[in-house]
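Have a look at the structure below, then the notes.
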Amino acid sequence: MYNVGGEKSLYGFDMRSIDKRRTAPGTPKSYDIKMLWQKNHEILGLSLSGMSNVDIADRIGLTPRAISATVNSELGQKKLSEMREERDGQYIDIGKRVAELGAKAMNVYEEIFDSDTISYNLKKKTSDTVLMDLGGHRAPTKLESRSVELTATLDEIEEFKRLGCAAAKEAGLLVELPEENLEKENSL
């Protein structure tokens, strides 16, 4: 951004024009406080939902350090505490409502069992619901499985074994025996 007018400095260099993208020296920068608070609130909400600082940073486009500074600041911790209290209060209210509805449901089940006009099949289905679903005895109906396929060379397998042994030794889970003890165990 050099001056097009050809203004020269004391030593004959072209002078730069004022960068209009920046504020004039000595004037304070202005921030949109509402926008900053919304961004901080979004960061705190994502943190409250269990996301890591790195994941939040990737999602929002900031650095993990900036996310950490927001979450761990005094104001951030205070706001997180308030948000947790509000969330926990909602869960308590939901729990109370579930307990109220559970009592009503049990009354309906009792009416079904005690009625002489209701068919045996309905009573059987109701019994199954009470015992299996409410009692927690139903077999899982959704199974999730994952598999991984890996192709490795013998050298890579040996490296995996070496790294595993080194980690086990460092953790104190693996103890090496002298060669003479190994020969004795192999002969048994």
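Rule-based calculations on the coordinates, nothing more; no lab input. Quick caveat, the model's predicted, so the values are computed rather than measured. Cβ sites come from the backbone with ideal geometry, for glycine too, and all protein chains shown count toward neighbours.
Structure notes:
- Residues listed by number, region 84-120, amide nitrogen under 20 Å from residue 127 label point at 7 Å toward C-beta: 106-120
- Counted by Cβ distance under 14 Å from residue 42, the other residues give a net charge of +2, where Lys and Arg count +1 and Asp and Glu count -1.
- Distance between modelled label sites at residue 97 and residue 55, nm, 7 Å Cα→Cβ extension: 2.6
- Ordering of 123-130, 50-57 by packing [mean C-beta count within 10 Å, highest first]: 50-57, 123-130
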